[in-house]
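Notes to accompany the following structure.
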Amino acid sequence: MKSWNDRLNTPGINGVKSTPRTVGDVIEGQPMLVPTARQVDDFIRSIPEGVEMDVRALRTALAIEHGAEVTCPVTIGYHLRTVAEAANEDLERGMTLRDIAPFWRVLDATTPTTSKLSFGADFVAAQRKREGLKP
């Protein structure tokens, strides 16, 4: 089985595609970004300390950055978990908080992805508190 870092660094098929159907806030035919995990990681690393961004805002910002109207909601959920789990692997290998993607600036206690993390929500809450963000 691949490590989360392997998954993070696996080149994916990304790009802007026409949305195949209407789902939630994504309307059929809209130009939709399907990002790679690395693109999500890079964007999260650009969020300054003490600044939070919810998943919807992240999707919007990524889409604009890549010339699309929306970002695939399914892909972003998968990649957010990949980014967080890869960061946790890096911490376990001895990297510092400053060297990993600060995924807690996007994920909080109520984000569905947080409940799926292998290391639980307590770490996310602690990092958010450390940066003065709401739990």
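The values are calculated or read from the model by the stated rules, or taken from the named source; none is laboratory data. Fair warning: this is a prediction, and the values are worked out from it, not measured in the lab. Positions of Cβ are generated from backbone atoms using ideal geometry, with glycine treated the same way; all protein chains shown enter the neighbour counts. With ligands, DNA and RNA removed, areas are computed over all heavy atoms of the protein, side chains included. Shrake-Rupley method; radii C 1.70, N 1.55, O 1.52, S 1.80 Å.
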List, please: which pairs have Cβ atoms under 7 Å, are six or more places apart or on different chains, and start with a residue in the stretch 116-135 that is touching a residue at least 12 places away in the same chain (Cβ under 8 Å) and end with one that is of a type in the set (Ser, Thr, Tyr)? ALA121/THR114; ALA121/SER115; VAL124/THR114
From the set of residues in the stretch 115-124 that are open to solvent by 40 Å² or more (accessible area, probe 1.4 Å) and part of a helix (DSSP H, G or I), which is nearest to PRO48 (Cα to Cα)? PHE123
Looking at the stretch 83-114, which of the residues that are surrounded by fewer than 23 Cβ atoms within 10 Å (Cβ to Cβ) and β-branched (Val, Ile, Thr) is nearest to TRP4 (Cα to Cα)? ILE100
For the stretch 8-28, enumerate the residues that are surrounded by 12 or more Cβ atoms within 10 Å (Cβ to Cβ) and either modelled with pLDDT under 95 or part of a loop (DSSP other than H, G, I, E, B) (or both). ASN9, THR10, GLY12, ASN14, GLY15, VAL16, LYS17, THR19, VAL23, VAL26, ILE27
Between a residue in the stretch 30-42 that is over 13 Å from VAL74 (Cβ atoms) and any residue that is open to solvent by 30 Å² or more (accessible area, probe 1.4 Å), which pairs come within a Cβ distance under 6 Å, given they are 6 or more apart or on different chains? GLN30/GLU69; PRO31/VAL16; PRO31/GLU69; THR36/GLY12; THR36/ASN14
Identify, from the list GLU52, GLU65, the residue that is open to solvent by 60 Å² or more (accessible area, probe 1.4 Å), under 30 Å from ALA126 (Cβ atoms), touching a residue at least 40 places away in the same chain (Cβ under 8 Å) and charged (D, E, K, R). GLU52
Please work out if VAL40 is at negative phi and assigned to a helix (DSSP H, G or I). yes
